[in-house]
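See below for the structure under consideration.
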Amino acid sequence: MSNSSSPLGCDALDSNDLLNRAMEAHYADMTKAVRRKGHPLSTARDVVHDLYIKLAAQPDVLRKKRSIKAFLCRSAINLGIDRLRRESREARLFSGTEKEALTVASTGPAPDLALEIEARIAILRQAIAELPERRRVVFILHRLHHLSPDEISRKLKISRNMVDRHLRRAFAHCLDRLLWIE
């Protein structure tokens, strides 16, 4: 049946009106077609609704079809098949009991690890802030700016031994603060 001989009067309608009238006129046929593929009535209605949503984004597609009813029924059937496949895949993925799920070891970090890391970082920040100014500068240049002890010695115009002493004491202080939390 061509669009011009359609009882929907396609030629006089804009694309959205054509879609709305076609969905209304062929709703029962689409629902029946989807049910024949194994879906219950409620799911068949959901599939037809999903089809409407998809077609509403491109309503002009109906103007190009020789048989709007056949196109709508085939599209609904295809969406229904897609839904069955997705449901089957999800059923395989999520099969099993909660008890079984709880026995599967996690491959990711423990949930409280992030909190522990945040706490350690806060303690380290505080420990660094407690350092005497020169020691703090040496420590930051070494750990954050990745300068070697020789580079720090030249930059701050202090001896290499003094840089080493500042670093040892800074590391010991930070380690001491971290050991307090354990």
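The values are calculated or read from the model by the stated rules, or taken from the named source; none is laboratory data. Just so it is clear, the model here is predicted, and its values are computed rather than measured. Neighbour counts are summed over all protein chains in view; Cβ atoms, including those assigned to glycine, are modelled from backbone coordinates with ideal geometry. The accessibility values were calculated without ligands, DNA or RNA, using every heavy atom of the protein model including side chains. Shrake-Rupley method; radii C 1.70, N 1.55, O 1.52, S 1.80 Å.
Annotations
- Of all complete DSSP H helices in the chain, not one has a Cα span along the helix axis of 20 Å or greater and a mean Kyte-Doolittle hydropathy of 1.6 or more.
- Taking the convex hull of Cα positions in the chain, its mean projected area over all directions (nm²): 21.2 nm²
- Computed lengthening from Lys37 to Leu102, 0.36 nm per intervening residue step minus Cα-Cα distance: 19.8 nm
- By the equivalent-ellipsoid construction on the alpha carbon gyration tensor, region 116-158 comes out with semi-axes of 24, 12, 5 Å, ordered largest to smallest.
- Semi-axis lengths (Å, descending) of the ellipsoid that matches the C-alpha gyration tensor of region 100-181: 36, 14, 9
- Accessible surface of the chain [probe 1.4 Å, protein heavy atoms]: carbon and sulfur percent: 54 percent
- Full-stretch length increase - Asn78, Arg125 - with 0.36 nm per residue and alpha-carbon distance subtracted: 11.0 nm
- Exposure rule at most 14 other beta-carbon atoms within 10 Å, DSSP loop trypsin sites (Lys or Arg not before Pro): the chain longest free segment: 67-156
- Rolling a 1.4 Å probe across all protein chains gives Leu179 an accessible area of roughly 100 Å².
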